[in-house]
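The values are calculated or read from the model by the stated rules, or taken from the named source; none is laboratory data. Computed from a predicted structure; not experimentally measured. We place every Cβ from the backbone using ideal geometry, glycine too, and count neighbours over all the protein chains shown.
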Amino acid sequence: MALLEVKNLGLNFAGLQVIKELSFSVQPGSIASLIGPNGAGKTSVFNCLTGFYKPSSGQIVFDGKQITRKRPYKITRSGMARTFQNLRLFKKMTVLENVMSGMHCRTRTGAIGAILRTGSQKREEAEIKDFCEFCLDFVGILDEKDRTASNLSYGHQRRVEWARALATRPKLLLLDEPAAGLNFDEKQQLIELIKRIRDELSITILLIEHDMGLVMKISEMITVIDYGQKIAQGNAEEVQNDPRVIEAYLGREEDEVA
């Protein structure tokens, strides 16, 4: 059974059809990619998957359950986490505090317990801190935990966002252009980190990425969309040699002549 199954997904904005009858699936334990030219609708798909946009049609089934049009926090609680193309950190909070904020969907203590500082609340807070430190150590920046997020390099701020996503304890992690703004060495480290997240934490990965070298090197299944429609799907070799993909990225020969 697929971990994620998207069936005939559609999204309209003021009469403009952004996504058109899009269907694809992600198998558990895989690293998959969703790619396409600028403006193809990739981030809109992620926003539908995570509840930020409400699809106009179609279904989204995650881990065997219908999640179409559910609220973002419920989708996160069900086991789907994401990062964003543009960093969304609490810049004045510490690195550790940023990561701990990702665990709000997993907490059990209510407002009364937090106010009274009950024993169960203190134990839960300690557990959260320990797990978030584990996430920071996993992405390689535990020694930065007490620094203010805004004082970190761009690459390390990216890692804070990944650690925060891991802190939600996801089954599926959506990465929106994780290589954006990274240098060559950081991209190589990213490839290894993504593989470790899948292999050591048993988390399935779905990413959007413009760096085709990275996509082709790491992806086991690639779905290509253009103007909100699926135009190809397969492994790296199949996608690279698909004439529809070549046309979408490079244009038609007659267009170049014109």
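Those strands (runs of 3 or more DSSP E) of segment 1-57 in which 3 or more residues are of a type in the set (Val, Ile, Thr), at pLDDT 95 or above and in contact with a Lys or Arg (Cβ under 6 Å, 6 or more places away or on another chain) are absent.
There is at least one residue in segment 245-258 that is in contact with a strand residue (DSSP E or B) (Cβ under 6 Å, 6 or more places away or on another chain) and either within 25 Å of Leu16 (Cβ to Cβ) or of a type in the set (Val, Ile, Thr) (or both).
Would you check if Ala167 is crowded, with 21+ Cβ neighbours inside 10 Å, touching a helix residue (DSSP H, G or I) at 6+ places or on another chain (Cβ under 9 Å), small (Gly, Ala, Ser) and farther than 22 Å from Leu3 by Cα? No, not satisfied. Within segment 161-195, the set of residues being touching a residue at least 40 places away in the same chain (Cβ under 8 Å), in a loop (DSSP other than H, G, I, E, B) and not small (Gly, Ala, Ser) comprises Thr168, Arg169, Pro170, Lys171, Glu177, Pro178. Taking segment 196-214 as the range and being over 17 Å from Ala40 (Cβ atoms) and either outside any loop (DSSP other than H, G, I, E, B) or touching a Pro at 6+ places or on another chain (Cβ under 8 Å) (or both) as the test, the residues that pass are Arg196, Ile197, Arg198, Asp199, Glu200, Leu201, Ile203, Thr204, Ile205, Gly213, Leu214.
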